[in-house]
Amino acid sequence: MTTALKAPPLGPILDDIVRSHRPQREAGSVPANIPFLGAVPFDRFGIAVATASGEVFSSGDAEVPFSIQSISKVFTLAMALQGDRSGSLWSRVLREPSGTSFNSLVQLEVEHGIPRNPFINAGALVVTDHLMKETPDAATRLLRFLATQAASTGAYIDEAAAAGELAGSSRNLALAHFLKDFGNLQQTAESVVENYVRQCSIMMTCVELARAGLFLARNGQGTHGTVVSASEAKRIGSIMLTCGMYDAAGEFAYRVGLPGKSGVGGGILVIVPGVCAICVWSPRLDAKGNSLAGTAALADLSDLTGWSVF
Ligand code: GLN
């Protein structure tokens, strides 16, 4: 069960969250393979809540663009499901938590090139390949989708960051080559990884991401009408809950009790069905690649508001 907005009002609650969770000293890590992310100051912290009734509350660095990284995987999945009437995507990728790190190779080999879910890198590469069949530049299509849903033209692909990540993409290329070898990739490994890395390099603010994710809290209804059906919105939320935080999905469900999707840029998008979408951002990560301060803030926010799917 979810509960409606509670007093005290959300504005002061978010200000309190920023005061308590903005990092005072450097802790946590940045991804070694994405040089751009190491340069972001450790004390950045922003949070935004977009409500189902159309209000937006925010605090801290909520208007500062950051690299959305794997949060993109929620939106590419939604885009893939929009056009997948026959369910062909689900013959190529499963819907089970992996229990392994987001870029692990081991499971993919053992399980014959069928990724466990669309939110680990192997699964997202399959989703990208699926989108590229129709739209070779799937990253630009994703950017347009995000701009429409966020009702903002602020989002952009940081091409320099993408090039920097691509130069260190041996692991994602290895995943793509495994997929290709098992017959689960139609385009070339190189083109899929390049496109995937550009999706990850989209820059958005907390406010924009919370708005863009709102359709998932509103039974699939976005800014300009239906994005996905109510059943698909429910299913995407379920996959977020079980797979959105990789091998920390259980711990995140325990602490926050809401479907979420993290990115190594330090962002986390969380859905409170029927109520709101939340985006928190703080760039330093825990050992599983999820925002340290962001996770702690969401655990607090869920306790303070009573928002939970349980
Ligand atoms: N671009 C990153 C990668 O492929 C995304 C990973 C993430 O955000 N968890 O390694």
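Here, each number is a calculation from the coordinates, and none is a lab measurement. Note that this is a predicted model, so its numbers are computed, not measured. All Cβ positions, even for glycine, are placed from backbone atoms using ideal geometry, and neighbour counts span all protein chains on display.
Specify whether the C-alpha gyration tensor of the range 84-178 places it in the rounded, prolate or oblate class, a ≥ b ≥ c being the square roots of the eigenvalues: rounded for a/c under 1.5, otherwise prolate if a/b is larger than b/c and oblate if not. Oblate is the answer for the range 84-178, as a/c is 1.5 or above yet b/c matches or exceeds a/b. Distances between every pair of Cα atoms in the chain, grouped in 10 Å steps from 0 to the bin holding the largest one, split as 7, 31, 39, 20, 4, 0 percent. Centroid-to-centroid, using Cα positions, the range 165-198 and the range 46-62 are 35 Å apart.
Unpaired Cys in the chain, meaning no second Cys C-beta under 4.7 Å: CYS200, CYS243, CYS276.
By the equivalent-ellipsoid construction on the alpha carbon gyration tensor, the range 246-309 comes out with semi-axes of 18, 12, 10 Å, ordered largest to smallest. Based on every Cα atom in the range 167-303, Rg and the maximum pairwise Cα distance Dmax equal 16.2, 47 Å. Which of the three applies to the range 1-96, rounded, prolate or oblate, going by the alpha-carbon gyration tensor with a ≥ b ≥ c and a/c under 1.5 meaning rounded? In terms of gyration-tensor shape, oblate. The charge dipole of the chain, taken about the Cα centre with unit charges on the Cβ atoms of Lys, Arg (+1) and Asp, Glu (-1), comes to about 500 debye, rounded to the nearest 20.
Each Lys and Arg contributes +1 and each Asp and Glu -1, all at the Cβ; summed about the Cα centre of the range 225-310, the dipole is approximately 160 debye. With the cut-off at under 17 Å, measuring from each backbone N in the range 281-310 to a point 7 Å along the Cα-to-Cβ line of SER238 picks out 309-310.
Summarising the label geometry, the points placed 7 Å from Cα in the beta-carbon direction at ASP303 and GLU26 lie 2.9 nm from one another. Based on Cα contacts under 8 Å between residues 6+ apart, the chain shows a relative contact order of 28 percent.
The charge dipole of the range 170-243, taken about its Cα centre with unit charges on the Cβ of Lys, Arg, Asp and Glu (plus for the first two, minus for the last two), comes to roughly 240 debye. Rounded to the nearest 10 degrees, the inclination of helix 189-200 to the longest alpha-carbon principal axis of the chain is 10 degrees. Remark: for residue pairs LYS234/LYS288; LYS73/LYS288; LYS133/LYS288; LYS73/LYS180; LYS73/LYS133; LYS261/LYS288, the C-alpha separation exceeds 23 Å in LYS234/LYS288; LYS133/LYS288. The helix-only estimate of mean residue ellipticity at 222 nm for the chain, built from DSSP H runs of length n ≥ 4 each weighted as -39500 (n - 2.57), is -13000 deg cm²/dmol after division by the residue total.
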